[in-house]
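Below is one structure, written out as structure tokens, with a few remarks after it.
The values are calculated or read from the model by the stated rules, or taken from the named source; none is laboratory data. Just so we're clear, the structure is a prediction, and the values are computed from it rather than from any experiment. We place every Cβ from the backbone using ideal geometry, glycine too, and count neighbours over all the protein chains shown. To get the accessible areas, we keep the full protein, side chains included, count just its heavy atoms, and leave off ligands, DNA and RNA. Shrake-Rupley method; radii C 1.70, N 1.55, O 1.52, S 1.80 Å.
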Amino acid sequence: MACPFLRRNESLPKQQSTDQHGSWQLEDELLDNAGSDALSLTHLQMAIQLLTEPANDDLNVAVSSLIAKYSHRWPSIRNLKIDLKALKDNQDYDYLADIQEFLLEMDESSASEILVILGEELITTCCTGIIERAFRCLGTDLQEFLGSLDGVYDVLKLQDEESDESATGFVCAGEGELIFTAEKPVVAWLLLGSLKALTRMLYNVNVNIKIEPVERESRRYRYFFSLAPSTESTSVEEETLKKSVVGQQRLHPKPSSNVADLCMSSQTFCKAFPWHFIMNENLELVQLGRGFSKFYKPYLQLFGKSATTYLNFKRPKGLSLEFREIVRRTYTPFLIELKPPPGRTDFNTVGLEIKGQMEFCPESNCLLFIGSPFIDGLDGLTNNGLFISDIPLHDATREVILVGEQARAQDGLKRRMDKLKNSIEEGNKAVAKERKKNVSLLYLIFPAEIAEALWLGNNIDAKTHPDVTILFSDIVGFTSICSRATPFMVISMLEELYKHFDEFCGQFDVYKIETIGDAYCVAGGLLGASKFDAHKVAWMAMKMIDTCSKHTTHDGQPIKMRIGLHTGAVLAGVVGRKMPRYCLFGNNVTIANKFESGSVERKINVSPTTREWLIKHPGYDFTLTPRDPSHLPKEYPKTSPDETCYFLESYRHPTLPEEAPEMKHIEEAMSTIKMN
């Protein structure tokens with residue numbers, strides 16, 4: 001048959017693209033469970049979206065199945081299938097709108113029939129696994145399924161704060177009747193086929209579904225369900241089907257209209273269900289539970305019994321307050337807000353919400369509402385003038401309130417513990433920061449391992465170090481310079497000079513022992529000894545001489561320094577409790593000092609033992625000038641075969657040209673050592 005709602009482009013424009021990510025944004029926790037085996041609200045969302053907003057990938061799978069089964073009947077439908085790559089390249093492609101357009105051009109008379117079949121194939125191919133489980137949890141028979149479809153969809157729409165009241169939605173309007181609001185008319189026909197397939201899949205029932213538009217509402221469609229005749233079913237099977245299908249075929253025991261048959265008086269009912277009311281077809285309150293009576297009974301004679309005077313129907317959204325419309329929404333959760341009676345400003349329950357369900361009572365042609373206060377904790381209870389006793393024992397709201405208070409107390413304790421934990425962590429960070437400052441200060445005074453041991457309070461034992469190269473230096477004519485300058489001038493001169501020397505200690509990885517006046521003393525091989533310790537001390541001595549040539553005294557005279565180097569065994573240890581120092585002891589320390597005393601201005605006096613270390617490794621070309629044996633300190637052991645000392649004149653690295661500056665040669669040598 002021809003689709004009465006599908007017309008040419010002028011009456012049915014091409015629809016907007018479907019949001020492939022869904023209409024609702026659920027909480028992150030729910031989204032995380034989407035791929036797990038546990039059924040969640042997200043899976044219900046995915047299942048219902050298969051009915052209301054099928055994804056392009058699902059449509060393409062259904063189209064493939066449709067072509068395989070019905071291409072002999074409609075050969076042209078082979079052109080409906082599109083390449084998967086095209087779908088991936090264009091995520092916003094409106095595949096459903098193109099299917100609609102294609103079917104209208106191919107065969108308008110068969111368009112609706114093909115769409116219904118496509119809806120069936122959509123369920124057959126895509127409703128599997130967790131999606132099928134999500135549909136099955138909605139009800140044990142078709143009527144329960146339709147009612148749950150209404151309620152669950154209403155909850156899902158509330159997840160989206162920006163949801164439109166007029167967007168797609170389901171309304172279970174009664175026995176065997178479903179109203180669907182569609183963004184796209186083509187979806188209404190897909191839904192018809194999907195519902196047929198779901199009925200067969202979930203309840204093993206074949207039903208006939210009739211679709212017709214709702215008068216004066218172009219986007220709403222009404223579906224009527226009836227049992228499809230089957231000649232193959234046995235009498236037992238027919239009875240089972242009748243119990244599963246709705247409409248005129250559903251069997252209910254006929255309720256009694258005789259009041260004497262009722263086992264409960266209205267007084268008992270009002271006591272058992274305090275938060276209920278009954279409305280007649282004029283929406284007038286004819287009975288109130290004790291909860292509502294507590295607030296409104298004194299005002300019914302004054303302001304009338306109209307429910308809208310006292311109650312605000314917040315949900316379902318967009319509900320028309322007519323008896324017939326409310327009857328159609330009995331499968332939708334209701335949220336009702338209490339209003340103050342006219343002119344009463346002291347009404348302390350303004351805004352109290354009651355959540356529950358509406359039930360149609362055909363015996364009296366009335367509507368029964370049964371609900372519970374929708375409040376958050378004891379504070380919300382007391383602020384609305386309510387007590388725990390106002391919540392009946394059978395109502396789970398009582399436990400929700402009490403458990404909520406317990407959870408709130410636990411949350412408060414957790415927040416205090418977190419605050420205390422953060423305070424402790426901040427204190428620990430502050431202590432660690434101060435410790436780092438103290439240790440850093442110790443690192444400036446002592447070698448790293450000595451500083452760490454001192455911080456931990458460990459005893460530092462004196463230790464002998466073999467082959468330590470010691471450098472002593474002083475400024476020639478320092479006494480004369482001091483006699484011509486103020487103390488501040490002298491300190492300023494030494495500070496300007498020694499800050500460069502301190503940087504050299506870091507560059508050459510040597511340890512600064514001390515400074516006494518103009519004397520500057522360092523040692524190489526004291527900690528982490530290597531075969532190049534003498535080289536490093538020699539290069540530092542050369543840089544010290546070079547740096548002095550670039551500085552002057554307060555009166556403009558060039559600073560002239562003399563240096564002495566000696567290598568030998570020393571004893572090192574920490575001395576003192578107040579202002580402790582890491583000191584060197586032994587005859588070789590005295591000999592090193594004598595080599596400095598025996599040097600001359602702008603010269604580096606090298607001992608025989610240091611010379612042996614400098615020339616030991618090929619590739620490091622030091623220029624050493626022998627001196628007269630008389631310049632050898634008398635403290636130097638006479639057992640050595642080398643009976644003279646040397647001036648260290650220059651250094652050249654074999655990889656650089658001779659004319660390159662000497663400092664470049666030294667930098668290249670240090671780079672080579674660090675790489676090795």
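With the requirement that a residue be closer than 30 Å to residue 83 by Cβ and either exposed (fewer than 14 other Cβ atoms within 10 Å of the Cβ) or at pLDDT below 70 (or both), what does segment 32-49 give you?
Result: 34, 35.
Quick one: which of 604, 615 is out of contact with any Cys (no Cβ under 8 Å at 6 or more places or on another chain) and open to solvent by 70 Å² or more (accessible area, probe 1.4 Å)? Spell out the reasoning first.
Numbers: 604 fails: open to solvent by 70 Å² or more (accessible area, probe 1.4 Å).
Being out of contact with any Cys (no Cβ under 8 Å at 6 or more places or on another chain) and open to solvent by 70 Å² or more (accessible area, probe 1.4 Å) holds for just one of 604, 615, which is 615.
Residues of segment 583-618 being out of contact with any helix residue (DSSP H, G or I) (no Cβ under 6 Å at 6 or more places or on another chain) and part of a strand (DSSP E or B), which ones?
Hits for segment 583-618 are 583, 584, 585, 606.
Write out, first by first residue and then by second, each pair whose Cβ atoms fall under 7 Å of each other, whose residues are 6+ apart or on separate chains, and whose first residue, in segment 487-515, is in contact (Cβ under 8 Å) with a residue 40 or more places away in the chain and farther than 20 Å from residue 668 by Cβ while the second is assigned to a strand (DSSP E or B) and open to solvent by less than 20 Å² (accessible area, probe 1.4 Å).
From segment 487-515, the pairs are 501/520; 511/522; 511/523; 513/521; 513/522; 513/523; 514/521.
Got a number for residues in segment 644-661 being in contact with a Leu (Cβ under 8 Å, 6 or more places away or on another chain) and at pLDDT below 90?
1
List pairs: first residue in segment 587-599 and farther than 15 Å from residue 644 by Cα, second residue open to solvent by 10 Å² or more (accessible area, probe 1.4 Å) and among the aromatic types (Phe, Trp, Tyr) anywhere in the structure, Cβ distance under 6 angstrom, at least six positions apart or on different chains.
From residues that are farther than 15 Å from residue 644 by Cα, the pairs are 593/472.
Of the residues that sit in segment 130-144 and are of a type outside the set (Ser, Thr, Tyr) and in a loop (DSSP other than H, G, I, E, B), which one is surrounded by the most Cβ atoms within 10 Å (Cβ to Cβ)?
138
Where residues in segment 417-444 are out of contact with any helix residue (DSSP H, G or I) (no Cβ under 7 Å at 6 or more places or on another chain) and under 18 Å from residue 576 (Cα atoms), which of them is surrounded by the fewest Cβ atoms within 10 Å (Cβ to Cβ)?
Here the answer is 444.
Which of (1) outside any loop (DSSP other than H, G, I, E, B); (2) modelled with pLDDT of 80 or more; (3) touching an Asp or Glu at 6+ places or on another chain (Cβ under 6 Å) is the odd one out, the single condition residue 378 does not satisfy?
It is condition (2) that residue 378 fails.
Quick check: anything in segment 281-289 open to solvent by 30 Å² or more (accessible area, probe 1.4 Å) and either modelled with pLDDT under 85 or over 26 Å from residue 345 (Cα atoms) (or both)? Before you say what the answer is, go through the steps one by one.
Residues of segment 281-289 open to solvent by 30 Å² or more (accessible area, probe 1.4 Å): 281-282, 284, 286-287.
Still in the running and either modelled with pLDDT under 85 or over 26 Å from residue 345 (Cα atoms) (or both): 281-282.
Yes; the residues of segment 281-289 include at least one that is open to solvent by 30 Å² or more (accessible area, probe 1.4 Å) and either modelled with pLDDT under 85 or over 26 Å from residue 345 (Cα atoms) (or both).
Please name all residue pairs, on different chains or six or more residues apart, with Cβ atoms under 6 Å, provided the first residue is in segment 295-308 and is under 18 Å from residue 349 (Cα atoms) and open to solvent by less than 30 Å² (accessible area, probe 1.4 Å) and the second residue is modelled with pLDDT of 85 or more and not polar (S, T, N, Q).
296/310; 307/279; 307/283; 307/285
So if I check each of 113, 120, which one is open to solvent by less than 50 Å² (accessible area, probe 1.4 Å), modelled with pLDDT of 85 or more, part of a helix (DSSP H, G or I) and acidic (Asp, Glu)?
120
So which residues in segment 627-655 are touching a helix residue (DSSP H, G or I) at 6+ places or on another chain (Cβ under 9 Å), open to solvent by less than 50 Å² (accessible area, probe 1.4 Å) and not small (Gly, Ala, Ser), if there are any at all?
632, 633, 636, 642, 644, 645, 646, 648, 651, 653 - these are the residues of segment 627-655 that are touching a helix residue (DSSP H, G or I) at 6+ places or on another chain (Cβ under 9 Å), open to solvent by less than 50 Å² (accessible area, probe 1.4 Å) and not small (Gly, Ala, Ser).
Which residues, counting only those in segment 619-650, are outside any loop (DSSP other than H, G, I, E, B) and acidic (Asp, Glu)?
621, 649 - these are the residues of segment 619-650 that are outside any loop (DSSP other than H, G, I, E, B) and acidic (Asp, Glu).
Answer with yes or no whether residue 512 is touching a strand residue (DSSP E or B) at 6+ places or on another chain (Cβ under 6 Å) and of a type in the set (Lys, Arg).
yes
For residue 96, only one of the following conditions fails: (1) assigned to a helix (DSSP H, G or I); (2) crowded, with 22+ Cβ neighbours inside 10 Å; (3) modelled with pLDDT under 80; (4) out of contact with any Gly (no Cβ under 9 Å at 6 or more places or on another chain). What is its number?
Among (1) assigned to a helix (DSSP H, G or I); (2) crowded, with 22+ Cβ neighbours inside 10 Å; (3) modelled with pLDDT under 80; (4) out of contact with any Gly (no Cβ under 9 Å at 6 or more places or on another chain), residue 96 violates only (3).
With (1) modelled with pLDDT of 90 or more; (2) within 21 Å of residue 603 (Cβ to Cβ) as the list, and residue 495 as the residue in question, which single condition is left unmet?
The number of the failed condition is (2).
Does residue 127 satisfy the condition of being modelled with pLDDT of 75 or more and surrounded by fewer than 16 Cβ atoms within 10 Å (Cβ to Cβ)?
Criteria not met by residue 127.
Among the residues that make up segment 50-71, is at least one of them farther than 23 Å from residue 181 by Cβ, modelled with pLDDT of 85 or more, open to solvent by 10 Å² or more (accessible area, probe 1.4 Å) and of a type in the set (Lys, Arg)?
Within segment 50-71 (the criterion being farther than 23 Å from residue 181 by Cβ, modelled with pLDDT of 85 or more, open to solvent by 10 Å² or more (accessible area, probe 1.4 Å) and of a type in the set (Lys, Arg)), the answer is yes, since at least one residue qualifies.
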